[in-house]
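Notes follow once the structure below has been shown.
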Amino acid sequence: MARSTGSWLSGPPTDPDDPATPEFPGQHLGLPQSGPASLPGMGRRIAALFVDWMIALGISLLIVRGGSASSLTLLIWFVIGVGAVTLFGYTPGQYFLRLRVIRVDAPVGVGFVRALARQALLVFVVPALFTDADGRGMHDRATGTAVARAR
């Protein structure tokens, strides 16, 4: 016999006609469905993260020359993420995959404080795995940002 209340894993029921259910990711944020400023899929964001990590790993291996580079890699990845998003709005990996970090509340740059908070949350990886209906991770929701297509 099926439970009428569902389980805690099923979440709230979704109705396709409900205005709270977006037709496409980013609709509630006022972003377009496709093209520049639209929200990309998880695959592109993970690929950008992988590129950033490989860059940080390469730099750390150049510094330690054969020693353990794990903690240094994390530190370099963190600094690259905060610095690049603050200055340019994207990390090197996001640039190569044509992505950028945008603020969803205003058409201005992300800024140092938001970039720092976003990267600090991203260190734990777990916030990025839990996404909302728009596909934004918890770290983006907490900082009022989103990763969008740049071009």
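The table below lists the values:
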{"read-out": "Potential lengthening between Glu23 and Val64 on full extension [0.36 nm per residue; Cα-Cα distance subtracted]", "value": "9.8 nm"}
{"read-out": "Gyration tensor (alpha-carbon) shape descriptor, segment 20-151, a/c threshold 1.5", "value": "prolate"}
{"read-out": "Segment 41-151 - charge dipole about Cα centre, Lys and Arg +1 at Cβ, Asp and Glu -1, debye rounded to 20", "value": "260"}
{"read-out": "Solvent exposure of segment 39-151 as accessible area per residue, Å², 1.4 Å probe", "value": "54"}
{"read-out": "Formal net charge of residues neighbouring Ser38 (Cβ-Cβ distance under 12 Å; K, R +1; D, E -1)", "value": "+4"}
{"read-out": "Amide H contacts under 5 Å for Ser38, placed H, 5+ residues apart", "value": "Arg149"}
{"read-out": "Difference of contour (0.36 nm per residue) and Cα-Cα distance, Leu129 to Phe50", "value": "27.0 nm"}
{"read-out": "Sequence-distant residues sharing a close amide H with Leu99 (under 5 Å, placed H)", "value": "Ala150"}
{"read-out": "Per-peptide average of other Cβ atoms within 10 Å, ordering 55-64, 140-149, 113-122 highest first", "value": "140-149, 113-122, 55-64"}
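The values are calculated or read from the model by the stated rules, or taken from the named source; none is laboratory data. Since the model is a prediction, treat every value here as computed from it, not as a measurement. For neighbour counting, all protein chains shown are included, and Cβ atoms are generated from backbone atoms with ideal geometry for every residue, glycine included. Note: areas computed on protein heavy atoms with side chains; ligands, DNA, RNA excluded. Shrake-Rupley method; radii C 1.70, N 1.55, O 1.52, S 1.80 Å.
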